[in-house]
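Student: Just dropping this structure here.
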Amino acid sequence: MDLRKDAAALADDLVRLRRDLHQIPEVGLRLPRTQEKVLEALDGLPLEISTGKDVTSVTAVLRGQGGDGDVVLLRGDMDALPVTEQTGAEYTSRHDGMMHACGHDLHTAGLVGAARLLSQHRERLAGDVVFMFQPGEEGWNGAGHMIDEGVLDAAGRPVDAAFGIHVLSSIVPNGKFSSRPGPLMAASDGLHVRVVGAGGHGSRPFQALDPVPVAAEMVTALQTLATRRFDVFDPVVITVGVFHAGTRRNIIPDDAYFEATVRSFSAEARERAAELTVRLCREIAASHGLEAEVRYTEEYPVTVNDTSSHEFAAETVREVFGEERFLPLASPSTGSEDFSRVLDRVPGAFVFLGATFAEDPDTTAYNHSPRAAFDDSVVADAATLLAELAVRRLAP
Ligand SMILES: [Zn+2]
């Protein structure tokens with residue numbers, strides 16, 4: 001069995017599928033056209049296929065010859081972003097204001113490739129494989145929805161190991177796989193603050209309760225909090241990305257509103273951030289005689305690679321593609337991922353794959369940029385790695 005060779009024979013097909021998907025990006029939990037394409041691409045394979053009730057997910061189970069052997073889950077997310085594409089690619093997005101700017105079209109095609117490869121070699125699988133085609137990764141908790149709908153028990157018994165790949169349009173050189181044991185990606189939470197004051201004439205602030213300087217003080221105090229109250233080796237990132245207040249320069253508004261994203265890399269730091277940011281904002285408001293309505297929303301947990309699963313994935317890359325194709329990642333990424341919800345429940349690993357066009361990967365647009373371009377020549381390797389991980393993990 002030479003999966004790499006088999007994948008090479010599928011490569012043109014997978015690239016075509018990826019480019020088709022690239023032209024019809026859909027955002028969120030409902031991706032009907034994408035789902036249709038995936039179902040079409042899986043048609044004829046010996047899979048037990050089910051689709052989500054509330055979301056347009058696709059779950060496919062491939063029965064190996066193991067009877068009651070282990071179950072491996074392979075995951076690909078399918079959703080796009082509300083970004084207007086500026087890559088100039090000939091297969092550019094045809095959906096206005098939407099773009100596969102995070103490469104999930106490659107993930108989808110790669111997972112289809114793995115399903116084809118493993119279907120060809122079913123007799124070699126000493127267990128079952130669950131293919132998880134997931135909508136709504138970009139802040140919609142698609143993985144959580146699929147878990148609620150039973151993806152981790154899709155084979156009729158619990159999944160024993162889970163693997164996924166994420167392509168990057170910069171940072172990692174083309175064709176290199178990269179990952180690390182332990183925390184791989186940040187937890188991502190939201191801080192929502194409304195500072196409630198009392199509006200008035202801009203010339204008479206002493207007769208009003210001005211929420212603007214108080215909210216501004218919170219924004220800077222949050223940065224002090226991040227550097228003074230957290231271990232430098234277990235850091236947090238706090239970025240205020242929304243700030244709204246007022247209508248005219250000579251009017252003091254009634255309230256001011258801002259939102260921040262809060263990233264952390266351990267459960268402990270995450271818990272502290274949830275407590276300290278909320279308290280800081282409330283107490284700053286109180287000390288100025290105003291009130292703050294503060295909400296802290298937990299979004300995605302830390303993505304944690306189980307140490308032995310990471311070692312296994314790295315070893316598989318080295319054996320299948322060669323020593324030089326695996327780059328150990330020194331520090332976690334500040335991005336976040338809802339595959340973390342799967343890895344919270346099942347040991348496994350998530351691996352980055354360089355899909356940049358640039359010679360120097362640090363010089364080109366990163367994922368989510370309207371100019372983020374992904375080289376789909378890596379898609380066959382993505383399919384190969386997923387399939388190899390399943391075969392090897394299931395081997396008795
Ligand atoms: Zn992504």
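Student: Measure nothing fancy, just the Cα-based angle from helix 307-321's long axis to the longest principal axis of the chain, in degrees from 0 to 90, nearest 10.
Tutor: The helix 307-321 is inclined about 50 degrees to the chain.
Student: I've got another one for you. Extension gain Gln65-Arg124, at 0.36 nm per residue separation less the Cα-Cα distance, in nm?
Tutor: Numbers: separation 59, 0.36 × 59 = 21.24 nm, distance 0.72 nm.
Taking Gln65 through Arg124 to full extension adds about 20.5 nm, to one decimal.
Student: For the pair Arg371 and Val242, what calculated FRET efficiency results from E = 1/(1 + (r/R0)^6), where r is the Cβ-Cβ distance and R0 = 25 Å, to the nearest 0.05?
Tutor: On the way: r = 23 Å, r/R0 = 0.94.
Calculated value: 0.60.
Student: From the Cα trace of the range 82-149, what convex hull volume per residue do you get, rounded to a whole Å³?
Tutor: Values: hull volume 7.8 nm³, N = 68.
Normalising the Cα hull of the range 82-149 by residue number yields 115 Å³.
Student: Please identify, among Pro205, Pro347, Pro183, the residue showing maximal mean-square fluctuation in a Gaussian network model of the chain using a 10 angstrom Cα cutoff.
Tutor: Residue with maximal mean-square fluctuation among Pro205, Pro347, Pro183: Pro205.
Student: Within 10 Å of each candidate Cβ there may be at most 13 other Cβ atoms; applying that plus a DSSP loop requirement, which trypsin sites (Lys or Arg not before Pro) in the range 11-108 survive?
Tutor: Values: sites: Arg16, Arg18, Arg19, Arg30, Arg33, Lys37, Lys53, Arg63, Arg75, Arg94; in loops: Arg30, Lys53, Arg94.
Sites meeting the loop and neighbour criteria: Lys53, Arg94.
Student: Would you calculate, for the chain, the mean residue ellipticity at 222 nm contributed by helices, counting each DSSP H stretch of 4 or more residues as -39,500 (n - 2.57) and dividing by all residues, to the nearest 500?
Tutor: On the way: 9 runs with 131 residues, N = 396.
The helix-only estimate for the chain comes to -11000 deg cm²/dmol at 222 nm.
Student: With equal scatterers on the alpha carbons only and no solvent term, can you work out the Debye log10 of I(q)/I(0) for the chain at 0.06, 0.09, 0.11, 0.14 1/Å?
Tutor: At q = 0.06, 0.09, 0.11, 0.14 Å⁻¹ the computed log10 ratios are -0.27, -0.57, -0.80, -1.16.
Student: Also: Determine the percent antiparallel among the DSSP beta bridges restricted to the chain, to the nearest 5. Intermediate values should be presented prior to the final figure.
Tutor: Working: 48 of 71 bridges.
Approximately 70 percent, going by the DSSP bridge assignments.
Student: Now for a separate question. Please name whichever of Leu125, Val58, Ser333 sits farthest to the positive end of the charge dipole of the chain, dipole taken about the Cα centre and charges placed at Cβ: Lys and Arg +1, Asp and Glu -1.
Tutor: With unit charges placed on the Cβ atoms, the residue in question is Ser333.
Student: Would you mind checking which residues have amide H under 5 Å from Val167's amide H? H placed 1.01 Å from N; only 5 or more apart, or other chain.
Tutor: Leu353
Student: While we're on this one: Among rounded, prolate and oblate, which fits the range 99-191 when a ≥ b ≥ c are the square roots of the eigenvalues of its C-alpha gyration tensor, a/c under 1.5 means rounded, and a/b larger than b/c means prolate?
Tutor: Working: a/c = 1.73, a/b = 1.24, b/c = 1.40.
It comes out oblate by the Cα gyration axes.
Student: Got a sec? How would His244, His192 order by Cβ neighbour count within 10 Å, fewest to most?
Tutor: Details: His244 12, His192 15.
Placing the least packed residue first, the sequence is His244, His192.
Student: Is the range 29-68 rounded, prolate or oblate when judged by the Cα gyration tensor, a ≥ b ≥ c being the square roots of its eigenvalues, rounded requiring a/c under 1.5 and prolate requiring a/b larger than b/c?
Tutor: Numbers: a/c = 4.45, a/b = 1.82, b/c = 2.45.
Oblate, because a/c is 1.5 or more while a/b does not exceed b/c.
Student: With only alpha-carbon atoms in the gyration tensor, what are the semi-axes of the equivalent ellipsoid for the range 173-300, in Å, largest first?
Tutor: Equivalent ellipsoid of the range 173-300: 35, 15, 11 Å, largest first.
Student: Tell me which trypsin sites (Lys or Arg not before Pro) from the range 240-281 have a DSSP coil assignment and no more than 13 other beta carbons within 10 Å of their own. Walk me through the intermediate numbers first.
Tutor: Values: sites: Arg248, Arg249, Arg263, Arg270, Arg272, Arg279; in loops: Arg248, Arg249.
Answer by residue number: Arg248, Arg249.
Student: Taking H as built 1.01 Å from N, whose amide H comes closer than 5 Å to the amide H of Gly335, not counting residues under 5 places away?
Tutor: When sequence neighbours closer than 5 places are left aside, the close amide H contacts are Ala186.
Student: Amide H neighbours of Leu327 under 5 Å, counting only residues 5+ apart in sequence or on other chains, H built in-plane at 1.01 Å?
Tutor: For Leu327, the qualifying residues are Phe177, Ser178, Ser179.
Student: What's the angle, to the nearest 10 degrees (0 to 90), between helix 267-287's Cα axis and the longest principal axis of the chain?
Tutor: That helix lies at roughly 20 degrees to the long axis.
Student: Mind checking the angle between helix 379-394 and the chain's longest principal axis? C-alpha axes, 0 to 90 degrees, to the nearest 10.
Tutor: Once rounded, the angle reads 70 degrees.
Student: Would you kindly derive the ³J(HN,Hα) couplings of the range 231-241 from the backbone phi angles with the Karplus curve 6.51 cos²θ - 1.76 cosθ + 1.60 (θ = phi - 60°), listing them in order in whole Hz, with x for Gly and Pro?
Tutor: 4, 4, 9, 9, x, 10, 10, 10, 10, 7, x
Readers should treat all values here as calculations from the given coordinates under stated rules, not as data from a laboratory. Predicted, not measured: the structure shown is a model, and the values here were computed from it. So basically every Cβ, Gly included, is an ideal-geometry build from the backbone, and we count neighbours across all protein chains shown.
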